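Chemist: One structure is given below, represented as structure tokens, and several questions about it will come after.
The values are calculated or read from the model by the stated rules, or taken from the named source; none is laboratory data. Because the structure is a prediction, the values reported are computed rather than measured. Here Cβ is always computed from backbone atoms with ideal geometry, including for glycine, and neighbour counts include all displayed protein chains.
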Amino acid sequence: MHRERVEEQIRTQQELYQQLANLERALTSRQENDRKHFNEEQMEYLKKRREMFGEETIQSVEKEWPELIAKVRVEMDKGTPPTDPTVLALAKRWHELVQMLFTGGNKEIFQSLQKQYQNPEVATQTCGDPECFRYIGEAINHLGLKWY
């Protein structure tokens, strides 16, 4: 019994480690992806947003992402419907972070960001798989929130 519990904890930790490793790769390659998906004007907009919030806030939010993604993955893996209150609370926070760090009400930024995450490789690096984005997107849509 005890051994099974330890084995389950090890599996859980390995999954979290893999998710963190994926996120780290995504963050380090983000600038490269940004250059591919955002034009100069959009890059300047993102730079100004970053300056507006300051590096401390940006770093704090970037540290929050792995935890948020892990929580979303847990609910998705459990088969929790995207309309469940727990998932909706996670979706609300996800939406807030995207709005704060990226779109800030800019529809063009959202469209570029959306194109970026339609790439399965980018989606996998960030969230583990494209299904994660579909799942959280469904929850956000259920809340009636707009990305821009």
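Chemist: Report whether or not residue 62 is at pLDDT 75 or above and either out of contact with any Ser or Thr (no Cβ under 6 Å at 6 or more places or on another chain) or outside any helix (DSSP H, G or I) (or both). Let's see the steps before the verdict.
Modeler: Values: at pLDDT 75 or above: yes; either out of contact with any Ser or Thr (no Cβ under 6 Å at 6 or more places or on another chain) or outside any helix (DSSP H, G or I) (or both): yes.
So residue 62 fits the description; yes.
Chemist: Any idea which of (1) touching a His at 6+ places or on another chain (Cβ under 7 Å); (2) free of Cβ contacts under 8 Å to residues at least 60 places away in the same chain; (3) not acidic (Asp, Glu) is the one residue 104 doesn't satisfy?
Modeler: (1)
Chemist: Answer yes or no as to whether residue 123 is part of a helix (DSSP H, G or I), among the aliphatic types (A, V, I, L, M), free of Cβ contacts under 8 Å to residues at least 60 places away in the same chain and in contact with a Phe, Trp or Tyr (Cβ under 6 Å, 6 or more places away or on another chain).
Modeler: Values: part of a helix (DSSP H, G or I): yes; among the aliphatic types (A, V, I, L, M): yes; free of Cβ contacts under 8 Å to residues at least 60 places away in the same chain: yes; in contact with a Phe, Trp or Tyr (Cβ under 6 Å, 6 or more places away or on another chain): yes.
So residue 123 fits the description; yes.
Chemist: Please count how many residues of segment 76-108 are among the polar types (S, T, N, Q) and either at pLDDT 95 or above or closer than 13 Å to residue 135 by Cβ (or both). Lay out the reasoning, then the answer.
Modeler: Taking segment 76-108 first, the residues among the polar types (S, T, N, Q) are 80, 83, 86, 99, 103, 106.
Now restrict to residues that are either at pLDDT 95 or above or closer than 13 Å to residue 135 by Cβ (or both): 80, 83, 86.
Count: 3.
Chemist: On to the next question. Filter segment 59-74 down to the residues that are buried (at least 16 other Cβ atoms within 10 Å of the Cβ) and touching a residue at least 40 places away in the same chain (Cβ under 8 Å), then identify the one that is nearest to residue 139 (Cα to Cα).
Modeler: By that ranking, first place goes to 72.
Chemist: Further question: Can you tell me which residues in segment 80-108 are in a helix (DSSP H, G or I) and either in contact with a Phe, Trp or Tyr (Cβ under 6 Å, 6 or more places away or on another chain) or not aliphatic (A, V, I, L, M) (or both)? Give the steps one after another, and end with the answer.
Modeler: Taking segment 80-108 and keeping what is in a helix (DSSP H, G or I), we get 85-103, 107-108.
Within segment 80-108, 85, 86, 92, 93, 94, 95, 96, 99, 102, 103, 107, 108 qualify.
Chemist: May I pose another question? Do we find a residue being crowded, with 20+ Cβ neighbours inside 10 Å, of a type outside the set (A, V, I, L, M) and within 14 Å of the chain's Cα centre (by Cα) anywhere in segment 103-113?
Modeler: yes
Chemist: If I go through segment 127-148 residue by residue, how many of them are over 20 Å from residue 79 (Cα atoms) and at pLDDT below 90? If you could, list the steps in order and put the result at the bottom.
Modeler: The first filter runs over segment 127-148 and keeps only residues over 20 Å from residue 79 (Cα atoms), leaving 144-148.
Imposing the further condition that a residue be at pLDDT below 90 reduces the set to 145-148.
Residues flagged as over 20 Å from residue 79 (Cα atoms) and at pLDDT below 90 within segment 127-148 amount to 4.
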